[in-house]
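Asker: Here's a structure for you.
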Amino acid sequence: MRKKQLLLLLVLTSCMCFAQYQIKGTLKPFDKEIKWAMLYQIKEGRQHYIKNSKIDNRSFYFELPQSASSGMYRVVYRLKEDGFIDFLYNKEDISFNFDPKNPDQTIVYLKSKENILYQSYLQQVLGAQQYLDSIQISYFKKPNPVVAKDYQIAYKQLKELQKKYQKDSYGMLAFNFIKATQRFNSNNAVLEPQEYLENIKNNFFEYINFKDPVLVNSSFLVDRTIDYIFSLSYSKSPEVQESLYKESIKNVMGISKNIDLQKDLIEIVIEEFISMENRDMVIYLVENYYKKLPLEQQSQTYIKNTLSKVSIFVGAVAPNFKWEKNKELYTLNTHKYYVILFWSTGCSHCITQLPEVYKLLKQYKDIQVIAVALEKEAKDWEKLTPHFKGWQHVLGMGKWTNDVARSYNIEATPTYILLNANKRIIALPDGFKALKEALSLLK
């Protein structure tokens, strides 16, 4: 009898050790250009690769072992645009359908207690919140006791709905997100839109615990931070808008005391400003926040690469560089405009375009070309440069690792950069046709 019990225990233990949970996603409608899906786990707002799956019969499958930690996971099926889906994993099978062109609005969970409940919450609460907001807007237009009473009823219904979902999700992973997702609303309708917006902004993080490890190891805090900084404040004045950005960033960084999370938030906000080509805010964040992190959290390589990315925005002064013995960009004062051309003898597009560029620029007597050749060796460069008389020729040994190429964040050739007499970037033409158009606009 004891032997049978022992054998049963061993079998059960073995099954538990090798138990796996399946994640299945089906594309509806199917997009034949999507061939692979990649699974990531979200930790501190960033994705960490786990495995990939080939899409077969419109679906992809992943299996996670019993030992896989609970939390937020992400399936990426398209590297560009918003080609990903975030979901909660808490040791259960998950199955869902979605339209790859619009995943957030079309995803339907067929299996997963956690995700079905959280999705239901988002849909129900969003609808109730929109209804409350519509009553508030009506009150702005025409304040009266009837609308005020309607607001109080809708407010109470929303609070009850929130309470119900928190109760239903208690003990689940979804509970952390449901509790943190709720939005602050005033008990009573307010008279002025400005007061309404200030209430939302001042209480935006009222229900969010930045120390909650479940939220930290998800995209939630990052998404909320981005919403707070970029969605709640707007001004047509660039100076006022910059001030609003700085105030919002200060408020966010004052809430979170987790250094690792602070670093991640700083870097992600920097990336957002880089995508907006907002050079001043990138530099502000680097100088006032990134460099204030503990030294062990800083990376000089990151600082250098980040600043190099914003050094070639339109409106920025181009990075200086020297060549030969006594020539440098900042001391050139012979022309009204300058074209910095990055090229290479090993680039077929460059070899084709350079004669066209040379012919075109002969028409512009007030433009000087500085041709920076990114090369592994000088032999072919020495043969070609005599064909382009009148240009300033710079040999950039080391190709992509060349200091000049790195300072301009050059990743492809040919690359054209148009400067004015003060060496400020006035255009970044993407190709020969765009260069021609940019030159035609010069006065």
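Asker: Relative to the present Cα-Cα distance, how much length would full extension add between TYR49 and SER67 at 0.36 nm per residue of separation?
Answerer: On the way: separation 18, 0.36 × 18 = 6.48 nm, distance 1.63 nm.
This chain segment gains 4.8 nm when fully extended.
Asker: Once you list every other residue whose beta carbon is under 14 Å from the beta carbon of ALA316, what net charge do they have if Lys and Arg are +1 and Asp and Glu are -1?
Answerer: Numbers: positive: ARG279, LYS309, LYS423, ARG424; negative: GLU277, ASP280.
Within the 14 Å Cβ shell, the charges total +2.
Asker: While we're looking at this one, here's another question. Helix 259-275 sits at what angle to the longest principal axis of the chain, using alpha carbons and giving 0 to 90 degrees rounded to 10?
Answerer: That helix lies at roughly 50 degrees to the long axis.
Asker: Looking only at the stretch 268-288, which residues have a backbone nitrogen under 20 Å from a spot 7 Å from the Cα of SER237 in the C-beta direction?
Answerer: Label zone hits: 280-281.
Asker: If I take R0 = 41 Å and measure r between the Cβ atoms of GLN22 and ALA412 in this structure, what FRET efficiency does the formula 1/(1 + (r/R0)^6) give, to the nearest 0.05? It would help to have the intermediate numbers written out before the result.
Answerer: Numbers: r = 42 Å, r/R0 = 1.02.
Calculated value: 0.50.
Asker: Starting from the 7 Å offset along Cα-to-Cβ, what nm value, one decimal, do you get for the label separation of ASP212 and THR352?
Answerer: Distance between the two pseudo-spin positions: 5.5 nm.
Asker: What is the stretch 362-443's relative contact order, in percent, from Cα pairs under 8 angstrom and six or more apart in sequence? Show your work: numbers first, answer last.
Answerer: Working: 76 pairs, mean separation 16.7, N = 82.
Answer for the stretch 362-443 is 20 percent.
Asker: Relative contact order for the stretch 71-112: what percent, with Cα pairs under 8 Å and sequence separation of 6 or more? Don't skip to the answer; put the middle values down first.
Answerer: Working: 56 pairs, mean separation 13.4, N = 42.
After rounding, I find 32 percent.
Asker: Taking the Cα centre as origin and putting +1 on Lys and Arg beta-carbons and -1 on Asp and Glu beta-carbons, what dipole magnitude results for the chain, to the nearest 20 debye? Could you put the intermediate results ahead of the total?
Answerer: Numbers: 60 positive and 48 negative charges, 132 e Å.
For this selection, approximately 640 debye.
Asker: Given Cα pairs under 8 Å that are at least 6 residues apart, what percent is the relative contact order of the chain? Don't skip to the end; give the middle numbers.
Answerer: Details: 609 pairs, mean separation 43.0, N = 443.
Here the relative contact order equals 10 percent.
Asker: Also: Sticking with the crude label model, points 7 Å out along Cα→Cβ, report the distance from MET276 to LYS91 in nm, one decimal please.
Answerer: Distance between label points: 4.3 nm.
Asker: Taking θ as phi - 60°, what are the ³J(HN,Hα) couplings along the stretch 175-180 by the Karplus curve (6.51, -1.76, 1.60), each to the nearest whole Hz, with x for Gly and Pro?
Answerer: 4, 4, 7, 5, 5, 7
Asker: Quick one: helix 193-202 against the long Cα principal axis of the chain, what's the angle to the nearest 10°, folded into 0 to 90?
Answerer: Helix 193-202 sits at roughly 90 degrees to that axis.
Asker: Another one. Let me spell out the model: positive unit charges on the Cβ of Lys and Arg, negative unit charges on the Cβ of Asp and Glu, origin at the Cα centre of the stretch 293-364. What dipole size does that give, in debye rounded to 20?
Answerer: Working: 8 positive and 4 negative charges, 52 e Å.
Roughly 240 debye for the stretch 293-364.
Asker: While we're on this one: Counting Lys +1, Arg +1, Asp -1, Glu -1, what net charge surrounds ALA174 among other residues with beta carbon under 11 Å of its beta carbon? Before the final figure, lay out each step's value.
Answerer: Working: positive: LYS113, LYS179; negative: GLU114, ASP168.
Around ALA174, the surrounding residues sum to 0.
Asker: May I ask you to derive the FRET efficiency for LYS379 and LYS433 from their Cβ-Cβ distance with R0 = 30 Å, giving the value to the nearest 0.05?
Answerer: Numbers: r = 31 Å, r/R0 = 1.04.
Result of the calculation: an efficiency of 0.45.
Asker: What's the extension gain from ILE200 to ARG424 if we count 0.36 nm per residue and subtract their Cα-Cα distance?
Answerer: Values: separation 224, 0.36 × 224 = 80.64 nm, distance 4.08 nm.
Full extension of this stretch gives 76.6 nm more.
Asker: Now a separate question. What list of ³J(HN,Hα) couplings, whole Hz, do you get for the stretch 240-249 from phi and the Karplus terms 6.51, -1.76, 1.60, once you set θ to phi - 60° and write x for glycine and proline?
Answerer: Coupling constants for the stretch 240-249: 5, 4, 4, 5, 5, 4, 5, 5, 5, 5 Hz.
Asker: Run the helix sum for the chain: -39,500 (n - 2.57) per DSSP H stretch of 4+ residues, divided by residue count, reported at 222 nm to the nearest 500 deg cm²/dmol.
Answerer: On the way: 16 runs with 199 residues, N = 443.
Here the helix-only value at 222 nm equals -14000 deg cm²/dmol.
Asker: So, one more: Could you tell me which of SER248, ILE425, GLN124 has its Cα farthest along the dipole of the chain towards the positive end, charges placed at Cβ (Lys, Arg +1; Asp, Glu -1), taken about the Cα centre?
Answerer: GLN124
Asker: Name the long-range amide H neighbours of GLU375: under 5 Å, sequence gap of 5 or more, or other chain; modelled H, no Pro or chain starts.
Answerer: When sequence neighbours closer than 5 places are left aside, the close amide H contacts are GLY396, MET397, GLY398, LYS399.
Asker: Work through the residues other than PHE388 whose Cβ is under 11 Å from its Cβ and net out their charges, Lys, Arg +1 and Asp, Glu -1.
Answerer: Numbers: positive: LYS359, LYS362, LYS389; negative: none.
Counting the neighbours of PHE388, the net charge comes to +3.
Asker: Between the helical axis of 2-18 and the dominant principal axis of the chain, each derived from Cα atoms, what acute angle in degrees is found, rounded to the nearest 10?
Answerer: 40 degrees
Asker: A follow-up question, please. For LYS164 and LYS292 in one chain, what is 0.36 nm times their gap in residues minus the Cα-Cα distance, to one decimal in nm? It would help to have the intermediate numbers written out before the result.
Answerer: Values: separation 128, 0.36 × 128 = 46.08 nm, distance 4.31 nm.
In short, 41.8 nm is gained.
Asker: Can you work out the FRET efficiency for the pair SER59 and LYS142, with r the C-beta to C-beta distance and R0 = 51 Å, to the nearest 0.05? Show your work: numbers first, answer last.
Answerer: Values: r = 53 Å, r/R0 = 1.03.
With a Förster radius of 51 Å, E is 0.45.
Asker: Based on DSSP, what percent of beta bridges with both residues in the chain are antiparallel, to the nearest 5?
Answerer: 70 percent
Here, each number is a calculation from the coordinates, and none is a lab measurement. Treat the numbers as computed from the prediction; the structure is a model and nothing was measured. Because the Cβ atoms are built from the backbone with ideal geometry, glycine has one as well, and the counts that use them run over all protein chains shown.
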